[in-house]
Amino acid sequence: MIVFCEDCGSKNSLTDQSARAQRLIFTCGQCGYPNNYAVSDDPAPKFLQACDDPAGKYQPLVAALSALPEIIGAFVFRNTKELLAFKMPQSMSERSMTAMGTLLKQAYDGPKQVYDGIGDMVMVIEKKAVLVKSLGHSEFLVAVASRFPLTEAARAELNRLTSPYEENMT
(Lines give C-alpha, C1' and ligand atoms only; values in the text may rest on other atoms or scores of the structure.)
Protein backbone atom coordinates (compact mmCIF):
# COMPACT_ATOMS: atom_id res chain seq x y z
CA MET A 1 0.00 0.00 0.00
CA ILE A 2 1.32 3.46 -0.93
CA VAL A 3 0.61 6.33 1.48
CA PHE A 4 1.82 9.90 1.48
CA CYS A 5 3.47 11.70 4.38
CA GLU A 6 1.17 14.34 5.73
CA ASP A 7 4.15 16.61 6.45
CA CYS A 8 6.42 16.45 3.39
CA GLY A 9 4.19 14.65 0.87
CA SER A 10 6.69 11.84 0.18
CA LYS A 11 5.47 8.40 -0.90
CA ASN A 12 5.82 5.63 1.68
CA SER A 13 5.19 1.95 1.04
CA LEU A 14 3.43 -0.04 3.79
CA THR A 15 2.79 -3.76 4.10
CA ASP A 16 -0.62 -5.18 3.18
CA GLN A 17 -1.14 -6.04 6.87
CA SER A 18 -1.09 -2.31 7.66
CA ALA A 19 -4.03 -1.79 5.30
CA ARG A 20 -6.29 -3.97 7.47
CA ALA A 21 -5.70 -1.90 10.62
CA GLN A 22 -8.10 0.71 12.03
CA ARG A 23 -5.29 3.28 11.95
CA LEU A 24 -2.19 3.64 9.82
CA ILE A 25 0.72 4.71 11.97
CA PHE A 26 4.09 5.08 10.28
CA THR A 27 7.19 7.22 10.29
CA CYS A 28 7.99 8.89 6.98
CA GLY A 29 11.11 7.39 5.41
CA GLN A 30 12.04 10.79 3.93
CA CYS A 31 11.55 13.32 6.75
CA GLY A 32 10.88 11.15 9.84
CA TYR A 33 7.47 12.70 10.53
CA PRO A 34 5.18 10.45 12.65
CA ASN A 35 2.00 9.99 10.57
CA ASN A 36 -1.25 8.74 12.09
CA TYR A 37 -4.26 8.21 9.80
CA ALA A 38 -7.70 6.83 10.60
CA VAL A 39 -8.70 4.14 8.11
CA SER A 40 -12.32 3.73 7.05
CA ASP A 41 -14.00 0.81 5.34
CA ASP A 42 -14.94 3.14 2.51
CA PRO A 43 -11.87 3.39 0.26
CA ALA A 44 -13.04 6.59 -1.44
CA PRO A 45 -12.77 9.84 0.49
CA LYS A 46 -15.99 11.71 1.12
CA PHE A 47 -16.20 14.89 -0.93
CA LEU A 48 -18.71 17.66 -1.10
CA GLN A 49 -19.33 18.28 -4.73
CA ALA A 50 -21.69 20.74 -6.33
CA CYS A 51 -22.08 22.98 -9.26
CA ASP A 52 -23.99 26.25 -9.52
CA ASP A 53 -22.51 26.65 -12.95
CA PRO A 54 -25.33 26.23 -15.48
CA ALA A 55 -23.03 26.30 -18.49
CA GLY A 56 -20.75 23.68 -16.90
CA LYS A 57 -17.79 26.01 -17.37
CA TYR A 58 -15.88 25.26 -14.16
CA GLN A 59 -16.87 21.77 -13.00
CA PRO A 60 -14.46 20.00 -15.41
CA LEU A 61 -11.61 22.19 -14.12
CA VAL A 62 -12.44 21.48 -10.46
CA ALA A 63 -12.79 17.74 -11.13
CA ALA A 64 -9.49 17.55 -13.04
CA LEU A 65 -7.59 19.50 -10.38
CA SER A 66 -9.05 17.43 -7.55
CA ALA A 67 -7.85 14.29 -9.32
CA LEU A 68 -4.20 15.40 -9.00
CA PRO A 69 -2.54 13.51 -6.11
CA GLU A 70 -1.21 16.68 -4.48
CA ILE A 71 -4.50 18.59 -4.59
CA ILE A 72 -6.81 18.03 -1.61
CA GLY A 73 -9.69 19.91 -3.21
CA ALA A 74 -10.63 22.96 -5.24
CA PHE A 75 -13.42 25.46 -5.73
CA VAL A 76 -14.31 28.36 -7.99
CA PHE A 77 -15.63 31.46 -6.25
CA ARG A 78 -17.30 34.57 -7.66
CA ASN A 79 -16.93 38.07 -6.17
CA THR A 80 -20.59 38.02 -5.21
CA LYS A 81 -19.81 35.48 -2.46
CA GLU A 82 -21.03 32.66 -4.64
CA LEU A 83 -19.55 29.20 -5.09
CA LEU A 84 -19.74 28.18 -8.73
CA ALA A 85 -18.20 24.71 -8.61
CA PHE A 86 -16.36 22.76 -5.95
CA LYS A 87 -14.95 19.44 -4.93
CA MET A 88 -13.63 19.60 -1.39
CA PRO A 89 -13.33 17.10 1.48
CA GLN A 90 -16.59 16.75 3.40
CA SER A 91 -14.99 18.32 6.46
CA MET A 92 -15.26 21.71 4.74
CA SER A 93 -18.81 23.06 4.48
CA GLU A 94 -20.16 25.31 1.75
CA ARG A 95 -20.37 28.08 4.33
CA SER A 96 -16.68 27.62 5.18
CA MET A 97 -15.72 27.70 1.50
CA THR A 98 -17.71 30.90 0.99
CA ALA A 99 -16.04 32.53 4.01
CA MET A 100 -12.61 31.34 2.86
CA GLY A 101 -13.29 32.58 -0.69
CA THR A 102 -14.31 36.02 0.60
CA LEU A 103 -11.18 36.38 2.74
CA LEU A 104 -8.84 35.09 0.04
CA LYS A 105 -10.38 37.43 -2.55
CA GLN A 106 -9.73 40.40 -0.24
CA ALA A 107 -6.15 39.25 0.39
CA TYR A 108 -5.65 38.78 -3.37
CA ASP A 109 -7.18 42.11 -4.45
CA GLY A 110 -5.15 44.31 -2.07
CA PRO A 111 -1.68 43.80 -3.59
CA LYS A 112 -3.12 43.70 -7.13
CA GLN A 113 -4.27 47.30 -6.73
CA VAL A 114 -0.73 48.38 -5.89
CA TYR A 115 1.42 46.10 -8.09
CA ASP A 116 0.64 45.35 -11.72
CA GLY A 117 1.30 41.87 -13.01
CA ILE A 118 0.31 39.84 -9.95
CA GLY A 119 -1.39 36.73 -11.31
CA ASP A 120 -1.46 34.13 -8.55
CA MET A 121 -1.31 34.06 -4.78
CA VAL A 122 -0.06 31.19 -2.61
CA MET A 123 -0.48 30.94 1.14
CA VAL A 124 1.47 28.29 3.00
CA ILE A 125 0.05 27.01 6.25
CA GLU A 126 1.97 24.20 7.98
CA LYS A 127 3.47 22.97 4.69
CA LYS A 128 0.06 22.89 3.00
CA ALA A 129 -0.60 25.41 0.24
CA VAL A 130 -3.69 27.40 -0.67
CA LEU A 131 -3.40 28.63 -4.24
CA VAL A 132 -5.56 31.48 -5.54
CA LYS A 133 -5.70 32.12 -9.26
CA SER A 134 -7.84 34.65 -11.10
CA LEU A 135 -10.07 33.12 -13.77
CA GLY A 136 -11.57 36.36 -14.97
CA HIS A 137 -12.66 39.71 -13.66
CA SER A 138 -14.88 38.29 -10.92
CA GLU A 139 -14.00 34.60 -10.58
CA PHE A 140 -11.21 32.91 -8.66
CA LEU A 141 -9.92 29.37 -8.41
CA VAL A 142 -8.92 28.21 -4.93
CA ALA A 143 -6.98 24.94 -4.76
CA VAL A 144 -5.74 23.38 -1.53
CA ALA A 145 -2.57 21.31 -1.90
CA SER A 146 -1.13 18.76 0.50
CA ARG A 147 2.38 20.14 0.10
CA PHE A 148 4.40 23.18 -0.79
CA PRO A 149 6.01 23.64 -3.15
CA LEU A 150 4.05 21.63 -5.69
CA THR A 151 6.07 19.31 -7.87
CA GLU A 152 7.01 20.65 -11.27
CA ALA A 153 4.59 18.15 -12.89
CA ALA A 154 1.69 19.33 -10.69
CA ARG A 155 2.49 23.01 -11.43
CA ALA A 156 2.61 22.28 -15.15
CA GLU A 157 -0.74 20.46 -15.02
CA LEU A 158 -2.31 23.27 -12.96
CA ASN A 159 -1.13 25.81 -15.55
CA ARG A 160 -2.33 23.64 -18.44
CA LEU A 161 -5.78 23.21 -16.90
CA THR A 162 -6.23 26.89 -16.07
CA SER A 163 -4.73 28.41 -19.24
CA PRO A 164 -7.99 28.32 -21.27
CA TYR A 165 -9.71 30.35 -18.53
CA GLU A 166 -6.87 32.88 -18.35
CA GLU A 167 -6.96 33.36 -22.14
CA ASN A 168 -10.60 34.44 -21.82
CA MET A 169 -9.50 37.24 -19.43
CA THR A 170 -7.73 39.24 -22.10
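The values are calculated or read from the model by the stated rules, or taken from the named source; none is laboratory data. All of these numbers come straight from a predicted model, not from anything done at the bench. Glycine also receives a Cβ, built like all others from the backbone with ideal geometry; neighbour counts cover every protein chain displayed.
Things worth noting here:
- Only one entry in Leu68, Leu131 is touching a residue at least 60 places away in the same chain (Cβ under 8 Å) and under 13 Å from the mean Cα position of the chain (by Cα), namely Leu68.
- Residue within the stretch 149-158 that is exposed (fewer than 13 other Cβ atoms within 10 Å of the Cβ) and over 30 Å from Cys5 (Cβ atoms) present: no
- Scanning the stretch 125-170 for residues that are in contact with a Cys (Cβ under 8 Å, 6 or more places away or on another chain) and modelled with pLDDT of 85 or more turns up just one, Arg147.
- Qualifying residue in the stretch 106-116 (condition: at pLDDT 85 or above and within 13 Å of the chain's Cα centre (by Cα)): no
- Within the stretch 7-64, the only residue that satisfies the criterion of being in contact with a Leu (Cβ under 9 Å, 6 or more places away or on another chain), modelled with pLDDT under 80 and β-branched (Val, Ile, Thr) is Val39.
- Of all residues in the stretch 79-130, those satisfying the criterion of being assigned to a loop (DSSP other than H, G, I, E, B) and not β-branched (Val, Ile, Thr) are Asn79, Lys81, Gln90, Ser91, Met92, Ser93, Tyr115, Asp116, Gly117, Gly119, Glu126, Lys127.
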